[in-house]
Amino acid sequence: MAKIIRYLFPYVAHHCGKRALTTRFMRGFISITSGYTLEPFDAASPYFDEVIRIYREAFGGEENAIRAFIARYANTLPDWRGYVALTGAHVAGMGFGTRSLPGQWWHDRVAVEIGADHPALQDAWVLVDLAVRSAYRNRGIGAALLETLLASQPCPRALLSTEVANAGARRLYERNGWRYLHPGLVFTPGQQPFVVMGCAINSGE
């Protein structure tokens, strides 16, 4: 049934526009067809502790630092959107992002490489992180989280970065129409290079 979501979502987005993919429609459809639901989260959410665990499983890091990092995004940055995927009582995946603005570390690092006036950086929303637990992968959960986040955010463009070596994530984004803006940006010395990608959001207008 996950394949149904993978192909229906782009179809609906193309013919009706991203904004027509309402949160209520998507959560209801996903629940009926795949046995999991999507719910919003923030730093006060009962799912927040599980979000921290999923982040650590996917990316590593110290718990308190991750908690402070995500809470800062949720509480202080504009146009926060966060969703978890639930399978019964279990949190299977999560994703979140905010508006990308000059003065933010990630935005400024990308601007140095592709130019501050690059169209992709204008009025854009950045997908900060998206992760699905290994036991729940290949069920369409990542694609559903991505579609829901993009449909709920207000900007006409979206951005992200993911490790060059993460072939699975890159395939997900490529399938969903993301294009490469940078082939391998090292954000921090000693860190793996990251591709930077962008996509235009069909508003349906």
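Can you give me the distance in nm between label points at Gln104 and Arg137, each placed 7 Å from the Cα along the Cα-to-Cβ direction?
That separation, rounded to one decimal, is 2.6 nm.
Find how much the distance from Ala71 to Ala111 grows on full extension, using 0.36 nm per residue of separation minus their present alpha carbon separation; answer in nm with one decimal.
Stretched out fully, the Ala71 to Ala111 stretch lengthens by 11.9 nm.
If you stretched the chain out fully between Ser45 and Ala167, how much longer would it get, using 0.36 nm times the residue separation minus the C-alpha to C-alpha distance? Numbers along the way, then the final one.
Numbers: separation 122, 0.36 × 122 = 43.92 nm, distance 3.13 nm.
Value of the extension gain: 40.8 nm.
Assign one of three labels to segment 31-101, namely rounded, prolate or oblate, based on the Cα gyration tensor with a ≥ b ≥ c the square roots of its eigenvalues; rounded applies when a/c is under 1.5, prolate when it is not and a/b is larger than b/c, and oblate otherwise.
oblate
Which of rounded, prolate or oblate describes segment 111-205 when judged by the alpha-carbon gyration tensor and an a/c cut-off of 1.5?
oblate
Points 7 angstrom from Cα along the Cβ direction at Thr188 and Glu174: gap in nanometres?
Here the modelled spin labels are 2.8 nm apart.
FYI, it's all coordinate maths here, none of it is from the lab. What you are looking at is a predicted structure, and each value in this text was computed from that prediction instead of being measured. Backbone-built Cβ (ideal geometry, glycine too); neighbour counts: all protein chains shown.
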